[in-house]
Amino acid sequence: MEPIPGIRWRETVAAPPRRPQRVWLHLLLFVLTLVTTTLTWPDWAGRWLLYERVGYGALLADGLRFSLPLLLILTVHEFGHYLAARFHRIDATLPYYIPFPFNGIGTFGAVIRIREPIPDTRSLFDIGVAGPLAGFVVALIVLFYALLTLPPPTYLLDVPGHEALKAYILAHGRFPSAPLPSEDPTSVTLVLGHTLLFDTLARFFPNVPPMYELYHYPTLFAAWLGLFFTALNLLPVGQLDGGHVLYALFGRRWHRRLARAFVLLLLVSATIGFALETLPPLLQEGIWWLEPAAWFGLALVLYLYLHRLFDGDHRIVAPVLLGLMVLAALAPRMAGLVGWMGHSGWFLWSLIILYLIRVDHPPVWYRVPLSRTRRALGWAAIAIFVLCFSIRPLYLI
């Protein structure tokens, strides 16, 4: 083992006593999250025509088809972390589930808390990689099950609205290749992002709904969310799972470089999204000061983010800020070329990364070489991230 310069190994005479687990709290949060996920999804995406016809037991059944696989994926992910921590004798809590009935899916996921420093890169790697690998396996099983049990397109006849789509399905027996125009010009359609894994597997199964209707299918939607949450946890920044893996595989210097490059990619996507998604509605308002205020706001936000990202080094901040502002100005003229990667929601995620999660990974006491098996698992985690990540995960049309 090689100590990291400037970091001293903890001085211990006896291991501190482990704090007891509050099992009742974890169970309570799990039950609350089960309730919120079961009831929240059907409220906006369920088959209400069916529920009104056959009774609300069908609503509960659909809700459980969403909540149980989603919570299974989250639980296996977090217990992967927990068991790896226990294997290395590192004090960790059981999963804290986060119920939240106001975001459309009923939860913000689950977390465990590591209650003591992780002493070496091998332990760090094992704890970081165990959750995503375990959760991915379960999410993949759920995805295969959902694809194998897909109902015919007439399933959507029980969803309120969608009259043009229903007429098309009744006439052709299949889904249209593109969203149909709505009779309501003010209506918007939620579209889930494409990923390499989902798109590849969908080619081999019949009756796969288009991405703008997928959220009406509870188990399929839960699988998509499980894969997306896995990708979010594998973002190669800070103390996210991907940050742990990157730090243990490549060391502190390459973690700093790759994490900053990735956050910069998110800011590129967010800037394009601003130009193509956020700015046009403001211009349609016809208020003269909205456009200059929006451009000033974009420049200010980008400056604050870049100043944080590059530690106030204006030799980097200034040219990057100029390049992003030029990109925002040119993006509407290059929409066909860059529109696929524009997502303004990454501004929020960049805020969370830069000011809460942090870009850099804190040092650990000892560098411990990873075995070939661990390195292979690390590259597998990187491959899973590439397969499951969508640069434009959710958007409206």
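Nearest 0.05, what FRET efficiency do residue 199 and residue 87 give at R0 = 41 Å with Cβ-Cβ as r?
In this case the efficiency is close to 0.70.
Between residue 35 and residue 145, what is the spin-label point distance in nm, taking each point 7 Å from the Cα along the Cα→C-beta axis?
About 2.5 nm, to one decimal.
For a quick check, take a GNM of the chain with Cα springs below 10 Å and name the residue from 198, 310, 136 with the largest mean-square fluctuation.
With Cα springs under 10 Å in the chain, the top fluctuation among 198, 310, 136 is at 310.
Mind ranking 250, 102 by accessible surface for me, highest first, 1.4 Å probe?
Sorted descending by solvent-accessible area, the residues read 102, 250.
Once you keep just the Cα pairs under 8 angstrom separated by 6 or more residues, what percentage relative contact order results for region 258-356?
Once normalised by length, the contact order is 52 percent.
Roughly speaking, to the nearest percent, how much of region 258-356's 1.4 Å accessible area is carbon and sulfur?
73
Using only the Cα atoms of the chain, build the gyration tensor, take square roots of its eigenvalues as a ≥ b ≥ c, and label the shape rounded, prolate or oblate: rounded if a/c is under 1.5, else prolate if a/b is larger than b/c, else oblate.
Oblate, since a/c reaches 1.5 and b/c is not below a/b.
If we restrict to alpha carbons, what Rg and Dmax does region 258-356 come to, in Å?
13.3, 42
GNM, the chain, Cα, under 10 Å: largest mean-square fluctuation among 217, 155, 97?
155
Quick check for you: with a 1.4 Å probe and neighbouring chains kept, what is the accessible area per residue of region 258-356, in Å²?
53
In terms of the Cα gyration tensor, with a ≥ b ≥ c the square roots of its eigenvalues, is region 193-292 rounded because a/c is under 1.5, prolate because a/b exceeds b/c, or oblate?
oblate
What FRET efficiency, computed as 1/(1 + (r/R0)^6) with R0 = 25 Å and r the Cβ-Cβ distance, is obtained for residue 283 and residue 351, rounded to the nearest 0.05?
The formula returns an efficiency of 0.50 here.
Kindly provide the helix-only [θ] at 222 nm of the chain, computed as the sum of -39,500 (n - 2.57) over DSSP H runs of four or more divided by all residues, to the nearest 500 deg cm²/dmol?
Value at 222 nm, helices only: -19000 deg cm²/dmol.
For labels at residue 23 and residue 54 in the simple 7 Å Cα→Cβ model, what's the distance in nm?
3.9
Pick out the long, greasy-scoring helices in the chain: whole DSSP H runs spanning 18 Å or more along their own axis by Cα, mean Kyte-Doolittle at least -1.0.
Taking the DSSP H segments of the chain (at least 18 Å long, mean hydropathy at least -1.0), we get 23-45, 57-87, 121-148, 218-233, 241-273, 290-309, 314-330, 372-388.
By DSSP, what percent of the beta bridges with both residues in the chain are antiparallel, rounded to the nearest 5?
Among the beta bridges of the chain, antiparallel pairing accounts for roughly 90 percent.
Provide the convex hull volume over Cα atoms per residue for region 53-122, in Å³.
100
Using 1/(1 + (r/R0)^6) with R0 = 41 angstrom and r between the beta carbons of residue 329 and residue 164, what's the FRET efficiency to the nearest 0.05?
Computed FRET efficiency for residue 329 and residue 164: 0.65.
Mind checking the full-extension length gain between residue 108 and residue 188? Use 0.36 nm per residue of separation minus the Cα-Cα distance, one decimal, nm.
26.4 nm
Once fully extended, how much extra length lies between residue 296 and residue 253, figured as 0.36 nm per residue of separation less the alpha-carbon to alpha-carbon distance?
12.1 nm
For the chain, modelled as a GNM with alpha-carbon contacts under 10 angstrom, which of 326, 138, 359 fluctuates the most?
The residue with the greatest mean-square fluctuation here is 326.
The values are calculated or read from the model by the stated rules, or taken from the named source; none is laboratory data. Just so you know, these numbers come straight off a predicted model, no measurement behind them. Virtual Cβ from ideal backbone geometry, glycine too; neighbours counted across all protein chains shown. Note: accessible area is taken over every heavy atom of the protein model, side chains too, but ligands, DNA and RNA are not part of it. Shrake-Rupley method; radii C 1.70, N 1.55, O 1.52, S 1.80 Å.
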